[in-house]
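Asker: Just dropping this structure here.
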Amino acid sequence: MNHIPFGNLDYLLEGSEVQQAAYRVLRKYKVMEILSPFTPVLTGTIPIHIDIEGSDLDIICEVYDFHHFEQLLRFEFGNRSGFVLKDHVVQGIRRMKANLQLDQFEIEIFGQPIPVTEQNAYRHMIIEDRILRLSDEEFRQMVRSLKRDGYKTEPAFAILMGLEGDPYESMFEVNQWTDEKIAEIGCSFTEIVTRVYEFTEKKEYHFPLDTRNIEYTGEEENRELFAERYHKDHSIYVSRGKNRNEAHLFFRGASDFTCRCTILDLSQEKFPILEAMEASVIEDTSDDNYDYYDVIDTFGVIEVTNWEWSTLISSNVEKQGTEFFGFIESFLLTYFRQLVFSAKDMEGLEVFMKQTLPWAKSFYYEGELYYRFKYF
């Protein structure tokens, strides 16, 4: 299979807006021309179109004369914003790296005494490009989704391809695979994110007895008893809604709690509410309210609505109701990556959402207050 001619930047002109912007910046500042004595190649996520917000431009070089390389970097880029140069030896190999800012892009220039086509960054990119070409667009989007969740590129691919061990080493195994095997295994990402239409293929579920799956609010020594009670005495039934992206759920928990609700696959339906969610993302990591890497997943975003909640008990309702809601939420987050609730739809249940609301992010859609919450 032929891959992109990465040695010539012209391929970027036919790519995404980010790829075209990268081309313009590299040409504007003559970066590749300046580095030409060291056979520079652009690597990383932007060349193969799996970049996310803030992705940088990684340029690798073949360097033997480090004195010349350092002089060139300092003379040509030393006055650029954010310029930092590091020189170190890893496993007996000298490596030099410069970081700087050019317009909207952070640039990383990396040099070591190895031909660029034999450097790991280039070899990984070639393998990843092959995987992407043999997979569908959903696979590409899942790579991005995992990267937004904080995964590095190689670990993200390793997860989706079902690779074991060190992801940076196991990626090289794929180079020996046939195209047919890559195309087949490239679909394994469905084990990580479930579509609603896949979820409805099974009519009855049982949540495994595992206290790690439970949001528990009581004393730690009672955690096992709580999990055992819920896991031994519950039932979960699923039926299809009005279309393949909607499902109705019925939960019967311990202590005669029952709940009905409906889930909608927002990302599959491309609901406009997703735009409001995107606008609510917190980008400032220095913000005191920034609790975890805040992103909207490309896949697995569901709205939980049409709540019907009932119980026959009259005492200790708040505590056991909180446990029951945690049970429901933990179950949903086992299959889906992000839950969305309408504040109006949750009226009366707020008292049971003690584990959810402190971590939930609020946003408005068409004048209505919503909450979004994800597993992290």
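Asker: Just the projected area, averaged over all directions, of the convex hull on the alpha carbon atoms of region 1-78: how many nm²?
Answerer: Details: hull surface 23.8 nm².
With every direction weighted equally, the projected area is 5.9 nm².
Asker: Please turn the phi angles of region 104-114 into ³J(HN,Hα) values with the Karplus equation 6.51 cos²θ - 1.76 cosθ + 1.60 (θ = phi - 60°), one per residue in order, whole Hz, x for glycine and proline.
Answerer: 7, 10, 7, 10, 10, 10, 10, x, 8, x, 9
Asker: Same structure, new question: Which length gain, in nm to one decimal place, applies between Glu347 and Arg24 when the Cα-Cα distance is subtracted from 0.36 nm times their residue separation?
Answerer: Taking Glu347 through Arg24 to full extension adds about 111.1 nm, to one decimal.
Asker: If each residue of separation counts as 0.36 nm, what is the full-extension length gain between Thr117 and Ser280 once their alpha-carbon separation is subtracted?
Answerer: Length gained between Thr117 and Ser280: 54.5 nm.
Asker: To continue, here is another question. If you take the Cα Rg of region 309-376 and divide it by 2.2 N^0.38 Å, with N the number of residues, what do you get?
Answerer: Region 309-376 yields a ratio of 1.16.
Asker: Set the bar at 19 Å for Cα to Cα. Now go through Lys319/Lys344; Lys202/Lys242; Lys147/Lys270 and name every pair that lies beyond it.
Answerer: Table pairs above 19 Å Cα-Cα are Lys319/Lys344; Lys147/Lys270.
Asker: Additional query: Treat each spin label as a single point 7 Å out from the Cα along the C-beta direction, and report the Glu33 to Leu85 distance in nm.
Answerer: About 2.2 nm, to one decimal.
Asker: Nearest 5 is fine: what % of DSSP beta bridges in region 12-161 come out antiparallel, could you say?
Answerer: Just about 75 percent of them are antiparallel.
Asker: Can you tell me the accessible area per residue over region 31-147, all protein chains present, probe 1.4 angstrom, in square angstrom?
Answerer: 44 Å²
Asker: Rounded, prolate or oblate for region 1-131? Axes are the square roots of the Cα gyration tensor eigenvalues, ordered a ≥ b ≥ c, and the cut-off for rounded is a/c under 1.5.
Answerer: Numbers: a/c = 1.78, a/b = 1.22, b/c = 1.46.
Cα axes put region 1-131 in the oblate bin.
Asker: List the lysines whose Cα sits under 20 Å from the Cα of Lys28, skipping any in the same chain fewer than 8 residues away.
Answerer: none
Asker: Another question about this same structure. Can you give the relative contact order of region 57-140 as a percent, counting alpha carbon pairs under 8 Å and 6+ residues apart?
Answerer: Reported relative contact order: 31 percent.
Asker: Between Ser314 and Asn243, what length comes free when the chain is fully extended (0.36 nm per residue of separation minus the Cα-Cα distance, one decimal in nm)?
Answerer: 21.8 nm
Asker: How far apart, in nanometres, would the label points at Glu53 and Asn306 be if each is projected 7 angstrom from Cα along the Cα-to-Cβ direction?
Answerer: 3.3 nm
Asker: Which FRET efficiency value, to the nearest 0.05, is calculated for Asn175 and Lys152 with the Förster distance at 22 angstrom and r the Cβ-Cβ distance?
Answerer: E(calc), rounded to 0.05, equals 0.70.
Asker: With every protein chain in place, what's the accessible area of Tyr237 (1.4 Å probe, Å², nearest 10)?
Answerer: So the heavy atoms of Tyr237 present about 100 Å² to solvent.
Asker: If you roll a 1.4 Å probe over region 1-141 with all protein chains in place, what percent of the accessible area is carbon or sulfur?
Answerer: 48 percent
Asker: With N set to the residue count of region 52-126, report its C-alpha Rg divided by 2.2 N^0.38 Å to two decimal places.
Answerer: Ratio of Rg to 2.2 N^0.38 Å for region 52-126: 1.12.
The values are calculated or read from the model by the stated rules, or taken from the named source; none is laboratory data. Treat the numbers as computed from the prediction; the structure is a model and nothing was measured. All Cβ positions, glycine included, derive from the backbone under ideal geometry; neighbour counts span all protein chains shown. Remember, those area values only see protein heavy atoms, side chains included, never the ligands or the DNA or RNA. Shrake-Rupley method; radii C 1.70, N 1.55, O 1.52, S 1.80 Å.
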